[in-house]
Amino acid sequence: MSEPSTTRAPSSPLVTASEPAQPSKTTTAGPTTSSTAAVSEGASAVGWGENFSGELGGGFTNLFTPSPVAVSGLAGIKSIAAGYHFSLALLNDGTVRGWGGNSYGQLGDGVRFKAINPTPVLGLAGATAIASGAANSVALLSNGTVATWGGDAWGELGNGTTGAGSENVSFSSTVPVYLKGLNNVVAVAAGGANDAALLSNGTVMTWGENGAGQIGDGTKLEKDVPTPVRGLANVKAIAVGGVSSHGGHVLALLNNGTVMAWGGNGSGQLGDGTTENRSLPVAVRGLGNVVAVSASTSHSMALLSDGTVRVWGNNAFGELGVGAGPETCVTPIARWSCARVPTPMGTLSNVTAISAGWRFSLAVSGGRLFSSGWNEMGRLGNGTTINSSRPVETGTSNVTAISAAEGHSEALVSAGAPAPEVEVSSPAAGALTLTWRSTDVTERWELAHRPRTFPKSAWTEWVYLPAATRSYTFTGLTSGQPYEVIIKNRLAGCRITIATPR
């Protein structure tokens, strides 16, 4: 179902000028690594790339916008999720807004008309996390249950109904459907025509399309209700990548920092050294100390505790950010660059967030946005349509979170003045010293730290410092343990530094 398009000139791109490209400013003493990323309790959002249906949220439609534009009239955002020609935002009050394409009701506003400005999901409250697939949406509620809405062609609503592959809009829901029998959920993920839920006991449930075995139950039969992934335990994070009717794959990050994968593997996106699809989880080779994962249709990403990134899968468009190669995947009709096992993402370091899109990748380092891969219709967000097989800085700073979809992306940016520039060193065993630069402020500085783990632990007791202070040392830390250190000021924004004391 196509939607009528209206076009007006876009508003001025929300792009913050930055220094010459460099991942972050780092001072080291001994084996210290660090990175910084701005954060904000009242973040706003920007979007770039395709905008056929208003999925950028700027209040207009056009072919594409290659530089970030502000999502109109929306602040206090907790998280974002970019889907196929639509976007979602979870607000701090537990409600959800959606904008963009809506043919299958994926905006949850009770109709099937696109929205070029954020519109509320009807009747949904108490949401703590969101996820978006190709034509459906998922929300985790504070009581550990799940709501879904939008397309149901392959059973992705998870409520026992399905269009059995039909894309007729009658197989959809324009308002949230609350899944019965699914409880104790702590995280959700979606991609293509598949959804996944992580339970508090460390197991995973999946549902939807299963042509490549992405349900993970040993079959290739569509499942229209949540189904346990076989032989999988001790999971702490999940990611789903896929395109409806073209298959997909799933990543599961385990408590020990390793990763399991299953589903489509034609480009080596499972990272097990093969190109064979797997209907049961297999180990991603050579990965450890992973703190976050992301998946697109044909490639995968992992963020390590030291702030570096590993990538694997398709590289025909430079999406791995490693230049040419590193190897070649072959079928009877085609050859293309790929990596069947994880490989370092070029020289990119000090990374705090990652997101894999269709044929491109995003990463945040020092609060700055970097991208690589296919740049048709401005997917890379750097104001051009030139592809890049290496990460390029986009010029957008103060970025706190990112979400890449098939043709567009969304990012959260911190509110207020630019966050302070931070340098970190380890002057002694178990110690970290922060030194920061910022404009003159009259409000106190607030600092805290926590081990870099997932799920996130609580911040330690806050340290409050006079407005004129520009340095502080934390002591009594565990040597060799990565930490997140937060520094914030009501007038000067916030920044998180990732560092490891010697």
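Treating each Cα of the stretch 185-309 as one equal point scatterer and applying the Debye formula with no solvent, the log10 of I(q)/I(0) at q = 0.10, 0.20, 0.22 Å⁻¹ comes out as -0.24, -1.02, -1.25.
Only Lys, Arg, Asp and Glu carry charge here, each on its Cβ (+1 for the first two, -1 for the last two); on that basis the chain has a dipole of about 760 debye about its Cα centre. Which entry in [x] 23.8; [y] 34.3; [z] 21.5 matches mean projected area of the Cα convex hull in nm² derived from the coordinates of this structure? Computing mean projected area of the Cα convex hull in nm² and matching it to [x] 23.8; [y] 34.3; [z] 21.5 gives [z]. Counting charges near ALA190 (Lys, Arg +1; Asp, Glu -1) among other residues having Cβ under 12 Å from its Cβ returns a value of -3. The mean sequence distance of close C-alpha pairs (under 8 Å, at least 6 residues apart), as a share of the length of the stretch 421-499, puts its relative contact order at 35 percent. Only Cα pairs under 8 Å and 6+ residues apart enter the sum, and on that basis the relative contact order of the chain stands at 15 percent.
For the chain, CYS494 stand unpaired, since no other cysteine beta carbon lies under 4.7 Å from theirs.
Our summary gives the stretch 71-191 a relative contact order of 22 percent, counting only alpha carbon pairs under 8 angstrom and 6 or more residues apart.
Remark: the stretch 94-192 projects, on average over all directions, an area of 5.6 nm² (convex hull of Cα atoms). For the listed residue pairs LYS180/LYS236; LYS114/LYS180; LYS114/LYS223; LYS180/LYS223; LYS78/LYS114; LYS180/LYS220, the alpha carbons are over 26 angstrom apart in LYS114/LYS180; LYS114/LYS223. For the stretch 421-499, the calculated P(r), taken from all Cα-Cα distances in 10 Å bins from zero up to the bin holding the longest distance, is 18, 54, 25, 3 percent.
Scan around TYR483 for amide H atoms under 5 Å from its own, H built in the peptide plane at 1.01 Å from N, and keep only partners 5 or more places away or cross-chain. Placed amide hydrogens put ARG452, ALA499, THR500 under 5 Å from TYR483.
The numbers here are math on the coordinates, done by the rules we state, and not lab data. Model, not experiment: these values are computed from the prediction. For neighbour counting, all protein chains shown are included, and Cβ atoms are generated from backbone atoms with ideal geometry for every residue, glycine included.
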